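The values are calculated or read from the model by the stated rules, or taken from the named source; none is laboratory data. In this text, all values refer to a predicted model and were calculated from it rather than measured experimentally. With ideal geometry, Cβ positions are generated from the backbone for all residues, glycine too; neighbour counts draw on all protein chains shown. Side chains are part of the model used for accessible areas, which takes the heavy atoms of the whole protein and leaves out ligands, DNA and RNA. Shrake-Rupley method; radii C 1.70, N 1.55, O 1.52, S 1.80 Å.
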Amino acid sequence: MPFTIAIDGPAASGKGTIARALAGHFGFAHLDTGLLYRAVGAKGGDPVAAARALAPADLARPDLRSAEAGQAASRVAAIPEVRAALVEFQRRFARTEPGAVLDGRDIGTVICPEAELKLYVTASDEIRARRRALELGADEARILAELRERDARDAARAVAPMRPADDALLLDTSAMTIDEAVARAIACAREAGA
């Protein structure tokens, strides 16, 4: 029986770093579900058609980590038909043997509500903006405004809003080093039976 770890949270909270570390530690497959939406947004044109035609090569585009791709992802993720086109792909991936780690914004609430472990990773807005600005070499004030705009849009969308699952464990990484956050997540996974 595969073990699924669902990790949700806002941008630059550390969820991707933690997800990759958990997958590596336990030998599980990893899917950054945000890349699916970034790829759809980056393709341009009709987002529903882009979601239905998404291919693995689309996830390897070098521009998918840009701020622009993140904003495009948030816009197309609000389209119910885009979400529906990508849900089954994510659910199949989640049942990969011996386990899978998926990170996104609605993994524990919509995609994998039955996941063996659900984490909601967060950090203060200012810490997240600082992290993303350092990662992108961008202006911290502009990044802070963009993160807040994206968070508001993601939390307010009618379909699959970003929020913690009722049974998710909260992991606030604001005052943690990467190693501390990863160690805490590994401990949570072990306690859940990974």
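Just name the residue that is surrounded by the most Cβ atoms within 10 Å (Cβ to Cβ) out of those in the range 150-177 that are hydrophobic (A, V, I, L, M, F, W, C), at negative phi and at pLDDT below 95. Taking the candidates together, the pick is 162.
I'd like to verify a number: residues in the range 178-194 that are crowded, with 19+ Cβ neighbours inside 10 Å and assigned to a helix (DSSP H, G or I), how many? Step through it out loud before you land on a result.
Here is the first cut: in the range 178-194, the ones crowded, with 19+ Cβ neighbours inside 10 Å are 181-182, 185, 189, 194.
Now drop any that are not assigned to a helix (DSSP H, G or I), which leaves 181-182, 185, 189.
Going through the range 178-194 one residue at a time, the tally reaches 4.
Screening residue 143 on (1) farther than 17 Å from residue 103 by Cα; (2) open to solvent by 40 Å² or more (accessible area, probe 1.4 Å); (3) outside any loop (DSSP other than H, G, I, E, B) shows it passes everything except condition (2).
Among the numbered conditions (1) in a helix (DSSP H, G or I); (2) more than 29 Å from residue 176 (Cβ to Cβ); (3) out of contact with any Cys (no Cβ under 9 Å at 6 or more places or on another chain); (4) open to solvent by 10 Å² or more (accessible area, probe 1.4 Å), the only one that residue 54 does not meet is (1).
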